[in-house]
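The structure appears right after this line, and notes come after that.
The values are calculated or read from the model by the stated rules, or taken from the named source; none is laboratory data. Values in this document were obtained by computation on a predicted structure and should not be read as measured data. Glycine gets a Cβ as well: all are built from the backbone with ideal geometry, and neighbour counts include every protein chain shown. When the accessible area is computed, the model is the full protein with side chains, heavy atoms only, and any ligands, DNA or RNA have been set aside. Shrake-Rupley method; radii C 1.70, N 1.55, O 1.52, S 1.80 Å.
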Amino acid sequence: MAAGPPPPLEPGALPTFTEEGFTEKFLRKTRENPLVPLGCLCTVGILAYGIICFKKGNTRRSQLMMRARVVAQGLTIASLVGGMVATTLKSR
């Protein structure tokens, strides 16, 4: 006994999706996990200051800033992973 083809879907039952531009998506993601853009800005700021110190010949400060950059990058990655875990747990 064949069950036959499934009934056709009604047009009103299908979900509708709106187009989301770059700005809207960036703002939504920033609201969901605000520490990631903050960490990126800190990383770039530390990197820029380290490069300035290197160009001025202040090698001690330059090395310190490169180490601080690695720490800032690590914290950014940790906040990214933490945000992903929180989003996954929230959706359950």
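For a distance above 16 Å, tell me the whole-number percent of Cα pairs in the chain that qualify. It would help to have the intermediate numbers written out before the result.
Details: 2970 of 4186 pairs.
That fraction is 71 percent.
Between the listed residues G83, V44, T59, the Cα displaced farthest toward the positive end of the dipole of the range 38-92, a dipole computed from Cβ unit charges relative to the Cα centre, is found at T59. Helix 59-91 versus the longest principal axis of the chain: what angle, 0 to 90°, nearest 10, using Cα atoms? So the inclination is approximately 20 degrees.
About the Cα centre of the chain, how large is the charge dipole given +1 on each Lys and Arg Cβ and -1 on each Asp and Glu Cβ? Please answer in debye to the nearest 20.
Values: 12 positive and 5 negative charges, 195 e Å.
Computed about the Cα centre, the dipole is about 940 debye.
Over the range 33-91, accessible surface divided per residue gives 73 Å², non-protein components excluded, 1.4 Å probe.
Element breakdown for the chain at a 1.4 angstrom probe: carbon and sulfur atoms account for 68% of the accessible area.
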